[in-house]
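Laboratory data are not the source of any read-out in this text; all were calculated from the coordinates shown. Here the structure is a predicted model, which means the values were calculated and not measured. Neighbour counts are summed over all protein chains in view; Cβ atoms, including those assigned to glycine, are modelled from backbone coordinates with ideal geometry.
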Amino acid sequence: MPLSRYAPLALLLSAPLLSAHAESNKIAAQYWVDVSTMSMSIPGMPDQGGGMLGGLLGNAMGNAMGGMQGKTVNTELWVRAKPSGTEGTHLIPNTMNMGSSLLLLPIKPVQAQGSTPTEKSDGTYEKPKGRILMYWGCSEEIRKGQPRILDFSSPNYADYAKFFASRGGKQSKGVQGKPGDSVWPNERDNKRVPDNASLQGQHAVTGDGVPSTLKFQVDAAYDFLPKVKLSTKGDPQNSIGLSWNVMDHAKGYFLQAQGAARGSDGSSDIIMWNSSEAPEGGWSLMDYQTPSQVARLQQQKVVLPATASTCHIPKGIFAKAEGGMVNMIAYGPELNASYPARPEKAPKDWQPDWTARVRVKSTGMTMLGMSGSSASSDMADEEERPARRRARQEETSSDEDQGIPAPVKIFKGLFGG
């Protein structure tokens with residue numbers, strides 16, 4: 001029977017099977033699909049996948065905010081009958097333009113390494129120098145009560161926990177890369193997701209121990225979100241205007257900016273800002289959130305509504321920063337499928353044969369202080385003036401770093417790159 005014929009089974013057969021299903025075994029399989037669109041804007045740089053700059057920012061800022069540009073898909077399969085993992089197949093629709101299937105391979109446990117000798121210390125300890133200054137809110141002027149300041153020399157770890165407290169809460173479970181689970185991409189199948197890929201259509205997962213009914217439909221509402229087209233206007237001495245494209249199917253937006261200022265004594269101040277109207281650490285919000293969580297955070301005025309398209313960073317926050325970046329996330333919908341389909345008023349002990357979850361987000365990054373930068377920027381004009389070209393090249397400190405803007409190199413050092 002063609003795969004398309006199976007699409008309505010979970011809905012059509014759920015009612016008559018509910019009574020029989022109450023006597024079935026525990027859930028047999030779970031499947032997670034994390035869908036992301038990443039864009040990055042550096043004036044004079046192409047807006048296309050990865051490269052040296054994409055890898056640098058990915059290493060510097062972490063997976064939530066950096067990494068490969070373009071569309072990505074990560075999947076993970078757990079099978080109860082195969083705790084050590086099973087080789088599986090994810091049958092995909094033609095709309096993905098990636099062939100007929102994705103190979104799922106188990107993650108092998110990492111062997112514990114022997115302990116290594118630790119270096120002896122002379123007992124001396126030098127307190128770290130510097131501070132973190134945190135601002136928040138979309139406004140042209142700094143509001144009363146800001147910034148919140150954390151001194152690196154503080155020995156009280158409770159201060160750190162309080163300072164970085166976030167309303168992000170517990171995120172929905174997605175791809176985690178647990179040993180024994182089967183994942184894509186992997187060492188045998190790691191083809192790139194093309195820019196014209198679409199998830200729309202029928203999906204099915206097969207493998208030893210996987211129920212034959214593990215099939216689900218992805219509609220337009222759960223497809224890739226568009227690229228973030230984030231633009232900045234103004235310089236760090238003044239208020240910086242931010243604007244972006246409103247996206248169909250996005251549930252809300254959150255923005256975060258960071259920069260670094262060096263002191264004469266060698267100390268470093270890290271300057272942070274986010275778009276929340278309430279004090280908010282924000283780091284946990286730069287990743288997937290459930291639609292219900294996004295709705296709750298919007299009520300608390302932490303996450304911007306889906307209709308928002310502008311915001312302002314207050315005047316002077318980054319005036320002394322040697323470089324700065326702004327990151328944005330658009331939260332997408334979340335598809336939850338199961339067999340049988342979950343009834344509207346499911347009892348507490350209700351248990352399907354399998355579940356599948358598709359999470360969607362789009363993230364963007366650009367530089368602060370580069371007026372007019374946009375995540376949809378093209379290559380710099382090939383006929384730019386030689387003097388301007390030489391000035392850009394002089395911002396780098398070695399042949400290896402040619403073409404990487406100075407603010408990026410600052411953040412490379414700041415985040416341990």
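The figures follow:
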{"read-out": "Rg/Rh (Cα only; Kirkwood hydrodynamic radius) as it applies to region 153-243", "value": "1.12"}
{"read-out": "Ascending count of other beta-carbon atoms within 10 Å, so fewest first, for ASP349, ASP189, ASP223, ASP181", "value": "ASP349, ASP189, ASP223, ASP181"}
{"read-out": "Cβ-based net charge around VAL79, under 15 Å, with every Lys or Arg adding one and every Asp or Glu removing one", "value": "-1"}
{"read-out": "Kirkwood-type radius of region 225-275, with distances r between different C-alpha atoms, in Å", "value": "13.6 Å"}
{"read-out": "Rg ratio (alpha-carbon, reference 2.2 N^0.38 Å) - region 267-319", "value": "1.31"}
{"read-out": "Cα-based convex hull, region 133-206, per residue volume (Å³, whole number)", "value": "273 Å³"}
{"read-out": "Theoretical gain in end-to-end length, SER292 to THR310 [0.36 nm per residue, Cα-Cα removed]", "value": "4.2 nm"}
{"read-out": "Region 191-329: Cα Rg divided by the 2.2 N^0.38 Å rule of thumb", "value": "1.38"}
{"read-out": "Computed label-point distance, nm, for sites LYS162 and GLU277 using a 7 Å Cα→Cβ extension", "value": "2.6 nm"}
{"read-out": "Net length gained if the chain between VAL246 and ALA319 were fully extended (0.36 nm per residue, minus Cα distance)", "value": "23.4 nm"}
{"read-out": "Sorted by Cβ neighbour density within 10 Å, fewest at the top, the residues SER154, SER239", "value": "SER154, SER239"}
